[in-house]
Amino acid sequence: MRFISYRSSGAEGLAVAAADGYRGLSTAALGADLKALMARGPDALLRAAAQLAGGEVIDLGQVTLLPPIPSPDKIICIGLNYADHSKESGFEPPAYPTVFARYATSLVAHGAPIIRPGCSEQLDYEGELAVIIGRGGRHIREEDALDHVGGYSVFNDGSIRDYQFKSPQWTVGKTFDATGGFGPELVSPDELPPGCKGLRLETRLNGEVVQSASTDDLIFDVARLIAILSEAITLAPGDVIVSGTPAGVGLARKPPLWMKPGDVCEVAVERVGRLINPIGEETASAAWPAAHEAQGR
């Protein structure tokens, strides 16, 4: 199953991929959004998919796409999770995941602009696989962890590098408003290899490949990440784990390669999807209202 979240005429909707495109309903008619459906369990999601398949065809040109989970309770990001990226960043591969947070105000959907803030020109790309929790829990065993995955998506962890390193904690540079591309679809685990093993991840900036790796190269794979994180944090349906980026980031290049207004960044994860975001610039009216009005925030 492949789901998209969208907004049309001021109302949020949910659609499922069908033979003739996407078919969907408003979340009011469906009685739940994707996060709420996952909290009800796999059977509820299957029933909703069947109901959505009987809905109207959604014209993507007439709706505004939203991130697959528009308002996750938690966005947990993992740094330095590919050995080649650790090396290019000047770090040894970590013995424990490098964990930091994003916030929902940082998210933008497929097709929406990632906004370079007025305070910095150092906007960097980071193509990543996103893991969405379906069944929550604490102290989840690694051998059970993949049973807690509700789906996968694509993420661009846009980073404001000078702000990232203003503090020993990276969070401020990693969660500027409207810098985290997320989407376009949530893909259910049954359509993909277990833990998304062996899939090609590529990032392109203005059509040029700048990152290319296999998800097999993750230091901490999906199951291990869920097990480790749940030692400390109760994971909930709809929580997003952004699993890390491979080598090739703009910061590590000489000279550095920053995204700038007018650029287009694409992140593709084999069999999961292709996330495309133009790069915009913060205006005097500020990025937040423009980035989030479409999401109903």
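The table that follows gives values for the structure above.
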item	result
Restricting the stretch 19-40 to residues that are farther than 14 Å from Gly136 by Cα and among the charged types (D, E, K, R), the residue that is farthest from the chain's Cα centre (by Cα)	Asp20
Tally, over the stretch 255-291, of residues that are crowded, with 20+ Cβ neighbours inside 10 Å, in contact with a helix residue (DSSP H, G or I) (Cβ under 9 Å, 6 or more places away or on another chain) and modelled with pLDDT under 95	1
The stretch 78-104 - residue that is among the small types (Gly, Ala, Ser) and more than 25 Å from Asp177 (Cβ to Cβ) and, of those, surrounded by the most Cβ atoms within 10 Å (Cβ to Cβ)	Ser86
Single match in His110, His139 (criterion: part of a loop (DSSP other than H, G, I, E, B), touching a residue at least 12 places away in the same chain (Cβ under 8 Å), in contact with a Gly (Cβ under 8 Å, 6 or more places away or on another chain) and not polar (S, T, N, Q))	His110
Condition check for Glu92: acidic (Asp, Glu) and at pLDDT below 95	yes
Residues satisfying the stated conditions in the stretch 182-204, i.e. within 14 Å of Gly127 (Cβ to Cβ) and in contact with a Phe, Trp or Tyr (Cβ under 6 Å, 6 or more places away or on another chain)	Phe182, Cys196, Thr203
Count - residues of the stretch 82-103 that are touching a residue at least 60 places away in the same chain (Cβ under 8 Å), of a type outside the set (S, T, N, Q) and touching a strand residue (DSSP E or B) at 6+ places or on another chain (Cβ under 9 Å)	11
Residue match in the stretch 228-241 (condition: in contact with a Lys or Arg (Cβ under 6 Å, 6 or more places away or on another chain), part of a helix (DSSP H, G or I) and within 21 Å of Ile69 (Cα to Cα))	yes
In the stretch 148-176, the residues that are of a type in the set (Lys, Arg) and touching a strand residue (DSSP E or B) at 6+ places or on another chain (Cβ under 6 Å)	Arg161, Lys174
Wholly enclosed strands (runs of 3 or more DSSP E) of the stretch 1-93 bearing at least 2 residues within 30 Å of Lys254 (Cβ to Cβ)	75-79
Residue count, the stretch 201-220 (criterion: acidic (Asp, Glu) and under 21 Å from Glu92 (Cβ atoms))	2
Failed criterion for Arg40 (all others in (1) buried (at least 22 other Cβ atoms within 10 Å of the Cβ); (2) out of contact with any Pro (no Cβ under 8 Å at 6 or more places or on another chain); (3) of a type in the set (Lys, Arg) hold)	(1)
Among residues of the stretch 49-75, those that are buried (at least 22 other Cβ atoms within 10 Å of the Cβ) and either among the hydroxyl-bearing types (Ser, Thr, Tyr) or over 21 Å from Arg274 (Cα atoms) (or both), counted	1
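The values are calculated or read from the model by the stated rules, or taken from the named source; none is laboratory data. On a predicted model such as this, the values are computed, not experimentally measured, just so you know. Positions of Cβ are generated from backbone atoms using ideal geometry, with glycine treated the same way; all protein chains shown enter the neighbour counts.
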